[in-house]
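Trainee: So that we are looking at the same thing, I have put the structure below in structure tokens.
The values are calculated or read from the model by the stated rules, or taken from the named source; none is laboratory data. Quantities reported herein were computed from a predicted structural model and do not represent experimental measurements. Here the Cβ positions follow ideal geometry from the backbone for every residue, glycine too, while neighbour counts run over all protein chains shown. All accessible areas refer to the heavy atoms of the entire protein, side chains included, with ligands and DNA or RNA removed. Shrake-Rupley method; radii C 1.70, N 1.55, O 1.52, S 1.80 Å.
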Amino acid sequence: MNETIQVLCNRRSCKKYNDNKVPQHLLNEILKCGSYAANGMGKQSAVIVVVEDSDVIKELEKINAHIMGNEQLKPFYNAKTLLIVFADKKIPTYLYDGSLVMGNLMNAAFALGVDSCWIHRAKETFETDVGRQYMKKWGLDSQYEGIANCILGYRDGALPEAKPRKENYIIFDIK
């Protein structure tokens with residue numbers, strides 16, 4: 001099977017990470033792949049913020065858990081690297097652009113032996129006062145919206161099995 005097809009079919013979300021940090025050279029490759037995601041009209045509306053400061057990750061994780069309604073949860077699963085994808089709301093395709101960046105980040109990570117997971121609630125997190133303060137620190141104004149969080153690291157345990165694909169996933173209308 002083609003290596004790219006293997007990555008696309010075998011990548012799984014990881015929800016339990018060990019303490020090993022992603023080496024900088026691998027992180028750089030993952031980020032490069034994210035920056036090459038397809039995007040509407042070539043506008044490149046997305047921006048990727050890299051967070052490896054454990055205090056910042058914990059603070060953003062706490063906000064994320066609060067939004068979920070359960071402050072005891074740890075929705076970043078001990079990952080040591082947090083990538084936050086934002087996109088410029090003034091560009092009509094911003095949500096799709098940011099989503100494609102997320103897909104590239106996660107698939108590139110898996111291809112390089114790094115685990116990942118898409119974590120929701122970036123939009124809500126960066127609508128809070130604390131979230132807006134971080135955005136300002138990172139040079140992002142209110143025209144940007146949080147699309148998603150991508151956590152990176154190395155799994156603590158086995159790679160989960162794929163769930164069976166649902167019936168009628170693909171519908172053909174062929175003459």
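Trainee: Of all chymotrypsin sites (Phe, Trp or Tyr not before Pro) in the range 115-159, which ones are in loop regions per DSSP and have a Cβ with at most 16 other Cβ atoms within 10 Å?
Mentor: Sparse-neighbourhood loop chymotrypsin sites (Phe, Trp or Tyr not before Pro): TRP138, TYR154.
Trainee: Could you check the spin-label model distance between ILE171 and LYS89? Points 7 Å from the Cα along Cα→Cβ, value in nm.
Mentor: Label-label distance for ILE171 and LYS89, simple model: 3.3 nm.
Trainee: For the pair VAL50 and GLN143, what calculated FRET efficiency results from E = 1/(1 + (r/R0)^6), where r is the Cβ-Cβ distance and R0 = 30 Å, to the nearest 0.05?
Mentor: E(calc), rounded to 0.05, equals 0.90.
Trainee: Taking a spot 7 Å from the Cα of MET41 along the direction of its beta carbon, which residues of the range 66-95 have an amide N less than 16 Å from it?
Mentor: So the set is 88-95.
Trainee: Looking at the chain as a GNM with Cα springs under 10 Å, which of GLY34, GLY103, GLY42 has the largest mean-square fluctuation?
Mentor: Among GLY34, GLY103, GLY42, the largest mean-square fluctuation in the Gaussian network model of the chain belongs to GLY42.
Trainee: To the nearest 10 square angstrom, what accessible area does ASP53 show with a 1.4 Å probe?
Mentor: 80 Å²
Trainee: Given a cut-off of 27 Å, what percent of all Cα-Cα pairs of the chain lie beyond it?
Mentor: Value for the chain (Cα pairs over 27 Å): 28 percent.
Trainee: Add -39500 (n - 2.57) for each DSSP H run of 4 or more in the chain, then divide by its residues: what number comes out at 222 nm, to the nearest 500 deg cm²/dmol?
Mentor: -11500 deg cm²/dmol
Trainee: Using a 1.4 Å probe on the protein heavy atoms, what percent of the accessible area of the chain belongs to carbon and sulfur?
Mentor: It is 51 percent, rounded to a whole number.
Trainee: So, one more: Using Cα-Cα distances under 8 Å and only pairs 6 or more residues apart, what relative contact order does the range 1-127 have, in percent?
Mentor: Rounded, it is 39 percent for the range 1-127.
Trainee: Could you sort PHE86, PHE110 by their accessible area in this structure, using a 1.4 Å probe and putting the largest first?
Mentor: If we order PHE86, PHE110 from most to least accessible, we get PHE110, PHE86.
Trainee: Send over a whole-number figure in Å² for the accessible area per residue of the chain, probe 1.4 Å.
Mentor: Heavy-atom accessible area per residue stands at 61 Å².
Trainee: Another one. For a quick check of your reading of the filter: which GluC sites (Glu not before Pro) in the range 88-175 sit in a DSSP loop and have no more than 10 other Cβ atoms within 10 Å?
Mentor: GLU161, GLU167
Trainee: Same structure again: So which of LYS21/LYS163; LYS16/LYS123; LYS21/LYS62; LYS62/LYS136 end up more than 26 Å apart, counting from Cα to Cα?
Mentor: LYS21/LYS163
Trainee: Can you tell which of ARG11, ARG121, ARG132 shows the greatest fluctuation in a Gaussian network model of the chain with Cα springs below 10 Å?
Mentor: Result for the chain, Cα springs under 10 Å: ARG132 fluctuates most.
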